[in-house]
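First comes the structure, then the notes that go with it.
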Ligand SMILES: [Zn+2]
């Protein structure tokens, strides 16, 4: 007898519908699974058999063939276990096939018959329009985001039989409704002093401008970067769902409400491979780092230590807001809408030419050169971060809070929205001409910087966008930018002193 249960597998960031066809026929007992299962999927036999027997149900001593359709799609992981088990129960008449009509299932089985959560349940259930979608109770809150009241969370395989055959109620799994309170990130009030860096952080958040922090170890660069997501507006409904989907596909922890409402933060180590960060090669099975942190903050500490080709590979997605991933079936576009914050020491030893610096000038120059010009060109706000002064550290007064700064950021972003963009960093040339026209004094400054070669044509555009943000933070909705804004913006495009010749000159 044949029984088909709809299920799904993960295909990169997306779910893909899979029909699990189970055929049970007389013959020598055997179990065959076909249709491009990966190793873990192939092992379904052992888990499903043990789960069925532990649940007091019967494993057929017959020839069982499982076909996973469509055949051309690679099936990954253990999420098809539950559908295979239900297919066997249906094909052997232990659950009448009519009762299984309109039932889809995604879940892994434990040997004791428990139904376990799987990675990527949200993108997977999105592919299942059936009136009842059975998932693990542990996946309930995420599945509900996808299929709402159609979700049927269960703890054990026997729960499904009880509900379908015995007519008992489905298990009552508490699903937290909508937005629980996510723990707030660290607060900017903890940062003592650092006026310049705070200002840079605020401008970066308000305009969506990529940021570079340069300073010695212990200056608090990481501490500052971690406080950037808190300054960004909470995610819109659409973004929240997108981010949650990607996190689900990546198998990362989700908040109690299931839905991620805050911009994510990720800080991949400088040894991260290009494949892990932006993809590369084929058969990418997990979402790349730049997609996981889409709509949030990507922090690259020790920028100079990243492999140059990895940094080069970042440029295109930063520019386009999407990353192209090559897969067996062709190229896919995945989200990569990130705010980049990079940090680096001013020189290999970190002291940057100050009294304690042990680096010969040549090695300092080489170090600064490790970060390629084209990537630097994408970092619109650069700032030097020094170790906080002793008096700032001893001063008991707390700095301005995240909430206060986030308020100004939100106001600035609403100006950007009135221009039809989410933030000023993505204003086009045309939009800049309309909304960021330099007045005569500002034009003069740009002219001088361009003629002296201090700014490229592209750099001048970027500087105007930053100047626009500076103006917006002053709560001034007019369409022009002024000399002061432009001068600040240009100053922030220059790499802060990387040691220079302060020591050599002495
Ligand atoms: Zn040094």
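Any read-out appearing in this document is the output of simple, stated calculations on the displayed coordinates, not a laboratory observation. What you see is a predicted model, and the numbers here were worked out from it, not measured in a lab. Neighbour counts run over all protein chains shown; Cβ positions are idealised from the backbone, glycine included.
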Mind checking the angle between helix 81-91 and the chain's longest principal axis? C-alpha axes, 0 to 90 degrees, to the nearest 10. 20 degrees
Mind running the shape call on region 60-186? Use the C-alpha gyration tensor, a ≥ b ≥ c as the square roots of the eigenvalues: rounded below 1.5 for a/c, prolate if a/b tops b/c, oblate otherwise. prolate
Please state, to two decimals, what the Cα-based radius of gyration of region 311-430 comes to when divided by 2.2 N^0.38 Å (N = residues). 1.47
For region 377-434, take the alpha-carbon Rg, divide it by the Kirkwood Rh, and send me Rg/Rh. 1.15
The chain, helix-only ellipticity at 222 nm - DSSP H runs n ≥ 4, -39,500 (n - 2.57), divided by all residues, nearest 500: -10000 deg cm²/dmol
D for region 346-494, whole µm²/s, Stokes-Einstein with Kirkwood Rh over alpha-carbon pairs at 37 °C and 0.692 mPa s: what number? 186 µm²/s
Helix 440-451 sits off the longest principal axis of the Cα atoms of the chain, rounded to the nearest 10 on a 0 to 90 degree scale, by 80 degrees
When only alpha-carbon atoms count, how far does region 158-311 stretch along each of its three principal axes, as whole angstroms with the largest first? 68, 41, 26
At a 10 angstrom cut-off on C-beta neighbours, averaged per residue, how do the peptides 87-95, 264-272, 452-460 rank from highest to lowest? 87-95, 264-272, 452-460
Over the chain: Rg over Rh, Cα atoms, Kirkwood Rh: 1.09
Percentage, to the nearest whole number, of Cα pairs in region 1-125 over 26 Å apart: 11 percent
In what sequence do 108, 351 fall when counting other Cβ within 10 Å, fewest first? 351, 108
Burial-style ranking of 364-370, 159-165, average other-beta-carbon count within 10 Å with highest first, yields 159-165, 364-370
Go through 486-492, 44-50 and give me the packing order, highest mean Cβ count within 10 Å leading. 486-492, 44-50
Taking Cα atoms, how many degrees apart are the long axis of helix 195-207 and the longest axis of the chain, rounded to 10 and kept between 0 and 90? 50 degrees
